[in-house]
Amino acid sequence: QVQLVESGGGLVQPGGSLRLACAGPENILRFNFMTWHRQLPGKQREMVASLSQRGNKIIDDAVKGRFTISRDTTANVVFLDMNNLQPEDTAVYYCGATLGVVNYWGKGTLVTVSS
């Protein structure tokens, strides 16, 4: 069983920043992809950022220029740095890991952007 634990969510004012962290199991490099998804209220889960085993990054257009994904392979942690947050970024953010055809998920961390 793969455990992914997100942290770093919370309440932030519009224009603010947060760093989310996803603590993975040993050797996150064994996963084909590490991803961050979010689920906005009343909507389906959507991918916001992806980091491949080789280090290739994909950022969704909705957050491009504001969000970045990175990893610390020593600590086995994947980060999502979020800047200039807006109320429409309010969502539960989930860390994901893909190994072959299997996707693993964390339980999510809530980000609320409000004044």
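The values are calculated or read from the model by the stated rules, or taken from the named source; none is laboratory data. Note that the structure is a prediction, hence the values are computed from the model and not measured. Because the Cβ atoms are built from the backbone with ideal geometry, glycine has one as well, and the counts that use them run over all protein chains shown. Note: accessible area is taken over every heavy atom of the protein model, side chains too, but ligands, DNA and RNA are not part of it. Shrake-Rupley method; radii C 1.70, N 1.55, O 1.52, S 1.80 Å.
Has segment 13-34 got any residue that is under 17 Å from D89 (Cβ atoms) and without any contact (Cβ under 8 Å) to a residue 24 or more places away in the chain?
Checked against the condition, which is being under 17 Å from D89 (Cβ atoms) and without any contact (Cβ under 8 Å) to a residue 24 or more places away in the chain, segment 13-34 yields no hits at all.
State which residue pairs qualify: first residue at positive phi and inside segment 52-81, second residue of a type outside the set (V, I, T) and open to solvent by 60 Å² or more (accessible area, probe 1.4 Å) in any location, beta carbons under 7 Å apart, and separation of 6 or more residues or different chains.
N76/E26; N76/N27
When the residues of segment 1-11 are narrowed to those that are open to solvent by 20 Å² or more (accessible area, probe 1.4 Å) and aliphatic (A, V, I, L, M), which ends up nearest to V111 (Cα to Cα)?
Going through the qualifying residues, I end up with L11.
Considering every residue within segment 24-32, establish whether at least one is basic (K, R) and more than 23 Å from L110 (Cβ to Cβ).
Yes: segment 24-32 contains one or more residues that are basic (K, R) and more than 23 Å from L110 (Cβ to Cβ).
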